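Read the figures in this text as sums done on the coordinates, not as results from a lab. This one's a predicted model, so the numbers in the text were calculated from it and none came from an experiment. Here the Cβ positions follow ideal geometry from the backbone for every residue, glycine too, while neighbour counts run over all protein chains shown.
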Ligand code: NAD
């Protein structure tokens, strides 16, 4: 049996939606959980202690072990305080789920710099800050598990989500490098792009689709990635409605020009360059 028993796991944005499900499952499986949530609105405005408190209450009533944290992920100090809560309350941090997120959807031509920055600040910078605060503990104890909340919007694009998709794609990039740097310290990093009915998606997807996407169906994947038994790293997975799969960049066979080509040469070979028929998993040629 795989497990997280007695592991200390921080779940950011765990006051509702998917994060709540992750925290509840982890606690049921015997983990000690830091339930972090700023308690604001979907667009990132406001804050309250009520959301995190409610989830902690539910976990404790079910016999689990959890503590609330109300700090924002989007500053270095906030992230240090979140990880500090784990270390002060439970003496360690073994895993983090960078799940906190906000939404400011607008078509690109209407998107303000503020919308852009607010979303990047919570998703990408927030995940960076929390991971950065936990990383020294992971290295020191030679053990750590990182899960990032990615999105199909980052992997494939979505109308109105230039800010959100960029942040989520950035997290996949972060995972790719954390997987490499963490490998010799027994630290894994993976990304999960969930699909679930939450307040974030309530008006984004049609109701009949949302009815088939209960958030608890994503939690076992995130839970598994946090176990010691799962040593896979650098993966991006999609999960929703009971379907789980992996997404990975592939590269075409392409071709090599013996001399610097003209633009016309590129045009003439365009089909060969872009044809994915014999594509293979992508590799970093300088890695
Ligand atoms: P949600 O709005 O229910 O959950 C996000 C939580 O993050 C909220 O409880 C919110 O209070 C908290 N939060 C926001 N800013 C914070 C901050 N600065 N510090 C701490 N907490 C903060 O939405 P959700 O659908 O459960 O989303 C969870 C994660 O999954 C997000 O990262 C989201 O982008 C991602 N995601 C969700 C879906 C989906 O289908 N629901 C799809 C792709 C990605």
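Calculate, for residue 273 and residue 109, the FRET efficiency according to 1/(1 + (r/R0)^6) with r their C-beta to C-beta distance and R0 35 Å; round to the nearest 0.05. All intermediate terms of the calculation are to be shown ahead of the outcome.
Values: r = 31 Å, r/R0 = 0.87.
Given R0 = 35 Å and the Cβ-Cβ separation, E is 0.70.
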How far, in degrees from 0 to 90, does helix 50-61 lean away from the longest principal axis of the Cα atoms of the chain, to the nearest 10? 70 degrees
Residue order, fewest to most surrounding Cβ atoms within 10 angstrom, among 135, 270: 270, 135
Note on region 131-287: alpha-carbon gyration tensor, axes a ≥ b ≥ c; rule is a/c under 1.5 for rounded, else prolate if a/b larger than b/c, else oblate; result oblate
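Could you calculate the FRET efficiency of residue 77 with residue 258 from 1/(1 + (r/R0)^6), where r is the beta carbon distance between them and R0 is 45 Å, rounded to 0.05? Don't skip to the end; give the middle numbers.
Numbers: r = 55 Å, r/R0 = 1.23.
The formula returns an efficiency of 0.20 here.
Taking the number of other C-beta atoms within 10 Å as the exposure measure, put 183, 153 in order starting with the fewest. Don't jump to the answer; show the numbers that get you there.
Details: 183 14, 153 22.
Arranged by neighbour count, lowest to highest, 183, 153 become 183, 153.
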Per the C-alpha gyration tensor (a ≥ b ≥ c, the square roots of its eigenvalues), region 8-248 is rounded if a/c is under 1.5, else prolate if a/b beats b/c, else oblate; here it's rounded
Relative contact order %, region 157-287, counting alpha carbon pairs below 8 Å whose residues are six or more apart: 21 percent
Once label points are set 7 Å from the Cα along Cα→Cβ at both residue 284 and residue 245, what is their separation, rounded to one decimal in nm? 2.7 nm
Just to confirm my numbers, what's the Cα centroid distance between region 51-91 and region 97-147 in Å? 17 Å
Proxy reagent accessibility, fewest Cβ within 10 Å first, across 159, 125: 159, 125
Report, in degrees rounded to the nearest 10, the 0 to 90 angle that the Cα long axis of helix 162-182 makes with the longest principal axis of the chain. 80 degrees
Enter the angle in degrees (range 0 to 90, nearest 10) between the Cα long axis of helix 76-90 and the first principal axis of the Cα atoms of the chain, meaning the one along which they spread out most. 50 degrees
